[in-house]
1. Going by the structure shown, is Phe136 crowded, with 18+ Cβ neighbours inside 10 Å and either farther than 29 Å from Trp35 by Cα or in contact with a helix residue (DSSP H, G or I) (Cβ under 7 Å, 6 or more places away or on another chain) (or both)?
2. Scan region 67-74 and give yes if some residue there is more than 22 Å from Lys88 (Cα to Cα) and of a type in the set (Ser, Thr, Tyr), otherwise no.
3. If Met102 meets every condition in (1) out of contact with any helix residue (DSSP H, G or I) (no Cβ under 8 Å at 6 or more places or on another chain); (2) touching a residue at least 60 places away in the same chain (Cβ under 8 Å); (3) not in a strand (DSSP E or B) apart from one, which number is that one?
4. Of everything in region 40-81, what is surrounded by 19 or more Cβ atoms within 10 Å (Cβ to Cβ), aromatic (Phe, Trp, Tyr) and over 16 Å from the mean Cα position of the chain (by Cα)? Give them in sequence order.
5. Which residue out of Glu47, Glu84, Glu65, Glu29 is over 26 Å from Ile162 (Cα atoms), assigned to a loop (DSSP other than H, G, I, E, B), at pLDDT 90 or above and out of contact with any Leu (no Cβ under 7 Å at 6 or more places or on another chain)?
6. Residue under question is Glu139, and the condition is that it be free of Cβ contacts under 8 Å to residues at least 24 places away in the same chain, in a loop (DSSP other than H, G, I, E, B) and over 26 Å from Ile11 (Cβ atoms); does it hold?
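The values are calculated or read from the model by the stated rules, or taken from the named source; none is laboratory data. These figures come from a predicted structure and were not determined experimentally. Every residue, glycine among them, receives a Cβ derived from its backbone with ideal geometry; neighbour counts consider all protein chains shown.
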Amino acid sequence: MNKDLSKTNKILQEVDKKFIERFSGAKEEFFNNDWVDIALVCIDNKENKLYFSSANRKLCIVDSENQAQLLVGSPYPIGGWQVEKERKFESCSFSFKKGDCMYLGSDGFQDQINRPKNKKFSSKRLHKLLSDLKGFALEEQYTHLENQLKDWKGANDQIDDICIVGIRL
């Protein structure tokens, strides 16, 4: 059924509601109430504006001067009704310039642990890396990110799923 939703925060609220409805009758022994972190972006190329909402995720935008700016979404996930019953997802907008890059992703890259140091890669380090890579073609950025991750984790296993989506606006 089409709900005719066009605002990113309203879409997330509807997904959250349906997720909870779908799993509310699940028997506890078969369902552990996982939740979902997700980001949603709507890009208006005519106005050079993007609209962003998220459940526990951030959007990193690297501008023409290679400065990383973070848009922070709502601090809770989709689902997980034990977290908060009446969640309201926020929406924010950002004016961009042609050539700016935006990045969305899971938390797997920044959470990867370097065993000898027993430290996570960190969001701050990832955002700095993304701003350093902005001048490269997206395919080259992928290669640099992959190599940086291999160097960081060394012989250790990858501990989580990793997804980074980069888009040149």
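1. no
2. no
3. Single failed check for Met102: (3).
4. Within region 40-81, none qualify.
5. Only one candidate qualifies: Glu47.
6. Criteria not met by Glu139.
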